[in-house]
Amino acid sequence: MQLMSNALVIFAKDPNAEKVKTRVAKDTGQPKARTIYKAILTKLLKQHENTKYDTFVKLRGDTSFFKQFKINIVDDTPGGLGAKLLKDFEDYL
């Protein structure tokens, strides 16, 4: 992969997945937590469309929600957070 001078990598989960924002869902229920998560993702991803840096969303599973945004969608790296971050620094920065 070509090195980029500026990149933003966002780790996300399919907002239509069965369980999202489990701590929020304890108080609101899963349907409301899903609505909240979709709103957060939508605002975040719209802020990072058409920028001078590349935006990558790393996720596993269904990508259909993310296709409405002008961003790069890539498969999430297996493993723990440390392994994911190391791989992303190597690949994107």
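Determine which member of the set ALA39, ALA7 is under 16 Å from LEU93 (Cβ atoms) and among the small types (Gly, Ala, Ser). Walk me through it before giving the result.
Values: ALA39 fails: under 16 Å from LEU93 (Cβ atoms).
Selected residue: ALA7, the only one of ALA39, ALA7 that is under 16 Å from LEU93 (Cβ atoms) and among the small types (Gly, Ala, Ser).
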request  = Considering every residue within segment 7-23, establish whether at least one is of a type in the set (Phe, Trp, Tyr), surrounded by 11 or more Cβ atoms within 10 Å (Cβ to Cβ) and part of a helix (DSSP H, G or I).
outcome  = no
Given (1) over 13 Å from the mean Cα position of the chain (by Cα); (2) surrounded by 14 or more Cβ atoms within 10 Å (Cβ to Cβ), number of the condition ASP27 does not satisfy = (2)
message = Return the pair list, or none, for Cβ contacts closer than 8 Å from residues in segment 21-47 that are without any contact (Cβ under 8 Å) to a residue 60 or more places away in the chain to residues that are among the hydroxyl-bearing types (Ser, Thr, Tyr) and part of a helix (DSSP H, G or I), at least 6 apart or on different chains.
response = LYS21/TYR37; VAL24/TYR37; ALA33/THR22; ILE36/THR28
task = Being open to solvent by less than 70 Å² (accessible area, probe 1.4 Å), more than 15 Å from LEU8 (Cα to Cα) and over 13 Å from the mean Cα position of the chain (by Cα) is the filter here, so list the residues in segment 40-93 that pass it.
result = GLY79, GLY80, GLY82, ALA83
request  = Go through (1) modelled with pLDDT of 90 or more; (2) out of contact with any helix residue (DSSP H, G or I) (no Cβ under 7 Å at 6 or more places or on another chain); (3) not in a loop (DSSP other than H, G, I, E, B) and name the single condition GLU90 misses.
outcome  = (1)
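The values are calculated or read from the model by the stated rules, or taken from the named source; none is laboratory data. Quick caveat: nothing in here was measured; it's all calculated off a predicted structure. Glycine also receives a Cβ, built like all others from the backbone with ideal geometry; neighbour counts cover every protein chain displayed. Ligands, DNA and RNA are excluded from the accessible area calculation, which covers all protein heavy atoms including side chains. Shrake-Rupley method; radii C 1.70, N 1.55, O 1.52, S 1.80 Å.
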